Amino acid sequence: MIRKFTCNKSRSQISGMTLIELLVVVGIVGILIMFAYPSYQQHTLNAHRATAQADLAKLQLQLEHDYDGGYDLSSLIPGGVCTLCESDSTRYSFKISSTGSQPYIISANALSTKGQDDDSCLKADKTMTLDSSNTLYPSECWD
C-alpha cells in the first residue's frame, strides 16, 4: 500500500510499504505456493501420462495399418527411439514386443530422470501397456 501524506500540500511525501506489510504479503504468497505446487506437479505427471497413452495408440494404429499378414515390430522403434511418439524421451521409453499369445504388446515405461516414475496411477512396474486385443494396463490409468 503506497501512502501519500497530504498534510502539507506544497510538499507531498510518498512512502512505500512497511516491512511488516511486505512480510505479510510474502507469507501469504508462500502459503499459496505450498498448496498449489503439489497440485501442479500431479497435473504435469497426468499430462505426460496422457501424451504417452496417445503415443501407444498411435503405435498400435500404425502397426494395424501396416499389417500384411505379419507385424513389423522393428520399424516403429528402431534403435530404441520411437519415430512416431510425441512424448518427452526423458519421461517414457517405448518398446514393442511379441509373445506366443499376443502378436504385439506395446509398452511405455516411466523413467525416473524427470520424476515420471512418481506417478501414483502406475503400478509397481511403472509401465503402461496396450496389446493386440486392445487390453489396457493398468486399466485405471486409461480414463
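Under a 10 Å cutoff between Cα atoms, tell me which one of Gly115, Gly69, Gly79 has the largest fluctuation in the Gaussian network model of the chain.
Gly69
Percent relative contact order of segment 30-141, based on C-alpha pairs within less than 8 angstrom and at least six residues apart?
Details: 138 pairs, mean separation 23.9, N = 112.
Relative contact order, segment 30-141: 21 percent.
Along segment 99-111, what does the Karplus equation 6.51 cos²θ - 1.76 cosθ + 1.60 (θ = phi - 60°) give for ³J(HN,Hα), rounded to whole Hz, x for Gly and Pro?
These are the phi-based 3J(HN,Hα) values: 10, x, 8, 10, x, 8, 9, 9, 10, 10, 9, 6, 9 Hz.
Using Cα atoms only, what is the angle between the long axis of helix 19-65 and the major principal axis of the chain, expressed in degrees (0 to 90) to the nearest 10?
Between helix and principal axis, roughly 20 degrees.
Once the principal axes of the Cα atoms of the chain are found, what is the range along each, listed largest first in whole angstroms?
Sorted from largest, the Cα extents of the chain read 93, 29, 25 Å.
Rounded, prolate or oblate: which one fits segment 41-83, using the alpha carbon gyration tensor with axes a ≥ b ≥ c (rounded when a/c is under 1.5, else prolate when a/b beats b/c, else oblate)? Could the numbers behind the result be given before it?
Numbers: a/c = 5.32, a/b = 2.22, b/c = 2.39.
Oblate, because a/c is 1.5 or more while a/b does not exceed b/c.
What is the sum of charges around Ala57, taking Lys and Arg as +1, Asp and Glu as -1, for the other residues whose C-beta is under 12 Å from the C-beta of Ala57?
Summing Lys and Arg as +1 and Asp and Glu as -1 gives -2.
Taking the Cβ of each residue in His65, His48, His43 as the centre, tally the other Cβ atoms inside 10 Å and list the residues starting with the fewest.
Placing the least packed residue first, the sequence is His65, His43, His48.
With 10 angstrom as the radius, rank Tyr104, Tyr92, Tyr67 by how many other C-beta atoms surround their C-beta, starting from the fewest.
Ascending number of Cβ neighbours within 10 Å: Tyr67, Tyr104, Tyr92.
For the chain, how many pairs of lysine residues have a Cα-Cα distance under 23 Å, where the two are 8 or more positions apart or belong to different chains?
Numbers: Lys58/Lys95; Lys58/Lys123; Lys58/Lys126; Lys95/Lys114; Lys95/Lys123; Lys95/Lys126; Lys114/Lys123; Lys114/Lys126.
Counting lysine pairs in the chain gives 8.
Order of Ser93, Ser75 from fewest to most other C-beta atoms within 10 Å?
On the way: Ser93 19, Ser75 12.
Least crowded to most crowded, the residues run Ser75, Ser93.
Can you give the FRET efficiency to the nearest 0.05 for Ser39 and Leu61, using r as the Cβ-Cβ distance and R₀ = 30 Å?
Calculated value: 0.35.
Using Cα springs under 10 Å in a Gaussian network model of the chain, which residue among Gly80, Gly27, Gly70 shows the largest mean-square fluctuation?
Per the Cα network of the chain with a 10 Å cutoff, Gly27 tops the list.
Give the residue from Leu56, Gly70, Ser93 lying farthest towards the positive end of the charge dipole for segment 30-141; charges sit on Cβ (+1 for Lys and Arg, -1 for Asp and Glu) and the dipole is referred to the Cα centre.
Ser93
Quick note: the coordinates plus some simple rules give every number you see, no bench work behind them. What you see is a predicted model; the values in this text were computed from it and never measured. Glycine gets a Cβ as well: all are built from the backbone with ideal geometry, and neighbour counts include every protein chain shown.
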